[in-house]
1. Place the peptides 303-314, 96-107, 161-172 in order of packing, highest mean first, counting for every residue the other Cβ atoms within 10 Å and averaging per peptide.
2. Suppose the Debye formula is applied to equal point scatterers at every Cα of the chain; what is log10 I(q)/I(0) at q = 0.07, 0.08, 0.09 Å⁻¹?
3. State the percentage of accessible surface on the chain attributable to carbon and sulfur atoms; use a 1.4 Å probe and exclude ligands, DNA and RNA.
4. List, in order, the whole-Hz ³J(HN,Hα) value for each residue of region 496-504 obtained from phi through the Karplus relation with A = 6.51, B = -1.76, C = 1.60 and θ = phi - 60°; use x for Gly and Pro.
5. Rounded to whole Å, give me the distance from the Cα center of region 299-378 to that of region 49-76.
6. Evaluate the charge dipole of region 158-270 about its Cα centre and quote only its size in Debye, nearest 20, assuming +1 on the Cβ of each Lys and Arg and -1 on the Cβ of each Asp and Glu.
7. How high is the relative contact order of the chain, given as a whole-number percent (alpha carbon pairs under 8 Å, six or more residues apart)?
8. What does the accessible area per residue of region 175-280 come to in Å², with a 1.4 Å probe and no ligands, DNA or RNA counted?
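The values are calculated or read from the model by the stated rules, or taken from the named source; none is laboratory data. Computed from a prediction, not measured in an experiment: that's the story for all the values here. Cβ: placed from backbone, ideal geometry, glycine included. Neighbour counts: every protein chain shown. Protein only, heavy atoms only, side chains kept; ligands, DNA and RNA dropped before computing areas. Shrake-Rupley method; radii C 1.70, N 1.55, O 1.52, S 1.80 Å.
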Amino acid sequence: MLKDIRTRLLLVLIITGYMAYISFPLSKLKLGLDLRGGVHIEACVDMEEVEKKTEGKLTEHQKNEYLEQATIVVRQRINQSGVEEAEIRKGGNDRIILQIPGYTDIESAEKLLTQVGYLEFALVSEDRGKLSLAEQGKKIGGYRLLYQKSGRGGEAISQPYLVKEKPEFDGTYLESSVVSFGQMNDPQVGLSFNSKGAKLFATVTRKNIGRQLAIILDDKVVSAPVIQTEIPSGQAVITGKFTLDEAKQLSTILNAGALPAKIEVVQKQLVSATLGKDSIERGLKSSILGLILTGIFMISYYLKSGMIAVIGLLCNAVYVLGCMISANATMTLPGIAGLVLSLAMAVDANVLIAERMREELALGKRVKSLIVAGYTKAFTAILDSNVTTLIASIILFYVGSGPVKGFGLTLTLGIITSLFSSVYVTRVFFDLFSETAFLNNLKMMSLIPLTNFKFTSLRKKGYLISGCLILVSFIVFFGKGNTKYGLDFTGGSVLELRFDNPVKIDEVRSVLKDYQLSIQYIGEGNTNLLLRGKSGLSSTIKETMKQNKY
């Protein structure tokens, strides 16, 4: 018996030690946009442009397909660019929402999101007279006038090119692109075509030696080299006096493929990390205080059993953090809520076990017997409550997105670890201490005397009362109309307040506490605030701020 306890104890210590090792320092835990700050961009897919190209009205299903395709391309671009922790999701029928925690280069993120990435190869007209006429606004049949920004970083004046309206071939034949360096150590982008593209490229270069071939990206000439010889290898190089970052970004866009339609940015924000600091401090304080008060109650009420339960709770917290870091998951404010709920489930399990032990203690059973009976009789109730919650949390994780997904993830991990810590870890310590004098006198406080209610005989009344309460809940819920929904469901106003000097977000929250607003810093310097709330509050909020001398 003692050997079995030692084996189980060793297993618990190894698991707990490993989880503690990968959990600390806590800086290894990734934080979401609401805790860390970063880039938030909301963009709209131009469905009208798609309808013009397809010459027909798009159905809702077709719009969703185009939006899904655009979202996949954007996700590929972001992933290939090396940006970590980015969240890309659909918003409505035509919106893409991009959030990158800890990222500050909002212009680069915007370019990855909005650049269509349509690559073409078209021959340049050799007739300088036609080029001159095209620059004067004359329409040249079979040709179009495009420009190339010829300086590094695209800052120099534009170079005009008259290129064929119908390209020789396009980027659909592109297999891959990589960043390389030329003879002068200038960054350039190498292109590799598939077998069909290689044949087309070889044919075009063989028949047009001495002519310029324009490489066009989104109706802008990137470069226009002169064809020196036939190129049968299916390899090409784009040289455009790029910076290294521009070359990497171009390669990323080409590898991910072209967007199915133009994307326009509707809203972009650089969310200050100060919001993260503010939220983290509040979240940590409330979580630590809640754990301390819970621990004090458990130890005060259940005495030695409570001490063992607290050990299990601490182990559970370490397990959740370890699992999140191992899974490379991101912690958000809703995720913290899921973590707290899972810890509450663990407390509930320990209470059930302790109360079962109390019943066995009242029957005069010995310590070892009441431990076995307590865990055996409480297990079905613990399993039932945790499994039902686990099903809901898994659904939230797989079906939800954004904050809902974060909540579902931490709740799922928390329930699994709480089951392990409550049913297995605490049992190991109970069995261990039962072999010592520590549990010889197992006592617990009792505020409510033991009762003997015949609940099954009252089941019909219970059904009736439960049914009535459910009916009343439905009436109250649907009777409130749209007032029952928060800003996330109903939408509302977004107001940006700019101040001459830095302001404290807590003071602003205090002044506007009656308006149920979401308030956060944007930009740098703590001088700009972004407020979200119900529609029609802008003038009222401004007046309130003026009255409080802001």
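1. Top of the packing list down: 303-314, 96-107, 161-172.
2. Here the Debye-derived log intensity ratios amount to -0.63, -0.77, -0.90.
3. Carbon and sulfur together cover 58 percent of it.
4. Taking θ as phi minus 60°, the curve returns 9, 9, 10, 10, 6, 10, x, 10, 8 Hz for region 496-504.
5. Distance between centres, Cα-based: 50 Å.
6. The dipole of region 158-270 has a size of about 280 debye.
7. 16 percent
8. Using a 1.4 Å probe on heavy atoms only, each residue of region 175-280 averages 49 Å².
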